[in-house]
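Before any comments, here is the structure.
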Amino acid sequence: MSRPYRVAAVAVTIATTVALSSGCSSARIPEGNQGASPQPARVTKLLVFVVENHSLRQMRYGMPWLSRLATRYGYATGYRAITHPSLPNYLGIAGGDTFGVTDDAPPSAHPINAPSVFGSAVRAGRTATIYAEGMDTRCQRVNGGRYAVRHNPWTYFRSERRMCRRHDMPLTALSGDVTAGDLPQVGMVIPDVCNDAHDCSLARADEWLRDQVGKALRGPDFTSRHLAIVVTADEDDGYHGNRVLTVVAHPQLHHVTVRRPLSHYSLSRSYAEVANIEPLAHAAGSRSLLRAFGLH
């Protein structure tokens, strides 16, 4: 090939490469893989933060730090809570069922004789912990101060009370577990009724999440890619179809948006997958939240 033709061919090759590269940056990647690396991550721990009573739209516009986290990593636009009020949604996450509960009464009114995903994980030799803010004693089964027992689902599972008393901890235990890389495989973090935006503003909840989730993002469990973090709401405000903002953070994810229908049962199933146990009740027939994001 003569030199002019070689120069022209090289120019065409460079132009084609640049065009393809720029096209990749704006093209829509198939849902569930958008921004994800081709190899699935080995997620062995799942830590879920739950706030209160706000819709997807309210959370996106009223919680700027959480909104930026959603944009950086990923979020689900079709994720819905199960029902109203709070308690049956927490039970749905923990047990894959609402167990016929339609109110927010304490454990003494609703002793559940069924397994939870937390207890099932412990029985299988895995680790599980709920960290509840404002709780004075482990597995506290009555309200106290800003602690609301209706937001602490493990306290309702009667057959697991011994495990609950051992592994249902005050929030003060979280920081040490984060720093040590000792977070549980099945974990949940429950703010008090001010920091979860139930009684106080979304702005306050956003600042609380910035502090608590931010620490977990910097911890060794997350940076080693073993931990996925989820932030969701138990329910919306009752006026938006129970669609809530659900953010999934993991080092593998970059600007992912999942539009598939998901629910708290999807989250319960993901807990079971991380712990390598059978999903409970309705979770067994639900789409996995982590799989929807390509993380399991």
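The values are calculated or read from the model by the stated rules, or taken from the named source; none is laboratory data. Worth saying up front: this structure is predicted, and the values here are computed from it rather than measured. Backbone-built Cβ (ideal geometry, glycine too); neighbour counts: all protein chains shown.
In segment 119-139, the residues that are free of Cβ contacts under 8 Å to residues at least 60 places away in the same chain form Cβ pairs under 6 Å with partners that are basic (Lys, Arg) and in a loop (DSSP other than H, G, I, E, B), at six or more places apart or across chains, as follows: Gly134/Arg146. The combined condition, being under 16 Å from the mean Cα position of the chain (by Cα) and among the small types (Gly, Ala, Ser), is fulfilled by Ala292. For segment 104-114, give me each residue that is farther than 17 Å from Ala233 by Cα and in contact with a helix residue (DSSP H, G or I) (Cβ under 7 Å, 6 or more places away or on another chain). Those that are farther than 17 Å from Ala233 by Cα and in contact with a helix residue (DSSP H, G or I) (Cβ under 7 Å, 6 or more places away or on another chain): Pro106, Pro107, His110, Pro111, Ile112, Asn113, Ala114.
Only helices (runs of 4 or more DSSP H) whose full extent lies in segment 38-96 are considered here, and the ones with at least 2 residues that are at pLDDT 95 or above and surrounded by fewer than 22 Cβ atoms within 10 Å (Cβ to Cβ) are 56-62, 64-72. Just so you know, in segment 142-168 the residues that are aliphatic (A, V, I, L, M) and farther than 19 Å from Val51 by Cβ include one that is surrounded by the most Cβ atoms within 10 Å (Cβ to Cβ), and it is Met163. Can you tell me how many residues within segment 183-216 are of a type in the set (A, V, I, L, M, F, W, C) and surrounded by fewer than 20 Cβ atoms within 10 Å (Cβ to Cβ)? Summing the residues that are of a type in the set (A, V, I, L, M, F, W, C) and surrounded by fewer than 20 Cβ atoms within 10 Å (Cβ to Cβ) in segment 183-216 gives 4.
Sort through Thr246, Thr223 and tell me the only one that's under 27 Å from Thr172 (Cβ atoms), of a type in the set (Val, Ile, Thr) and in contact with a Phe, Trp or Tyr (Cβ under 7 Å, 6 or more places away or on another chain). Being under 27 Å from Thr172 (Cβ atoms), of a type in the set (Val, Ile, Thr) and in contact with a Phe, Trp or Tyr (Cβ under 7 Å, 6 or more places away or on another chain) holds for just one of Thr246, Thr223, which is Thr246. Of the residues that make up segment 223-236, is at least one at pLDDT 95 or above, over 24 Å from Trp65 (Cα atoms), of a type outside the set (Asp, Glu) and part of a helix (DSSP H, G or I)? The answer is no; no qualifying residue exists. Out of (1) within 22 Å of Val213 (Cα to Cα); (2) outside any loop (DSSP other than H, G, I, E, B), the odd one out for Met135 is which? In the conditions (1) within 22 Å of Val213 (Cα to Cα); (2) outside any loop (DSSP other than H, G, I, E, B), Met135 misses (2) alone. Assessment of segment 288-295 against the conditions (within 21 Å of His54 (Cβ to Cβ) and either assigned to a helix (DSSP H, G or I) or without any contact (Cβ under 8 Å) to a residue 60 or more places away in the chain (or both)) yields at least one matching residue.
Scanning segment 265-287 for residues that are acidic (Asp, Glu) and within 14 Å of Val48 (Cβ to Cβ) yields a count of 1.
Scanning segment 254-287 for residues that are within 15 Å of the chain's Cα centre (by Cα), among the charged types (D, E, K, R) and either part of a loop (DSSP other than H, G, I, E, B) or crowded, with 23+ Cβ neighbours inside 10 Å (or both) turns up Arg269, Arg287.
Restricting the first member to segment 191-215 and to residues that are of a type in the set (S, T, N, Q), and the second to residues that are surrounded by fewer than 19 Cβ atoms within 10 Å (Cβ to Cβ), the beta-carbon pairs closer than 7 Å and six or more apart or on different chains are Asn195/Arg204.
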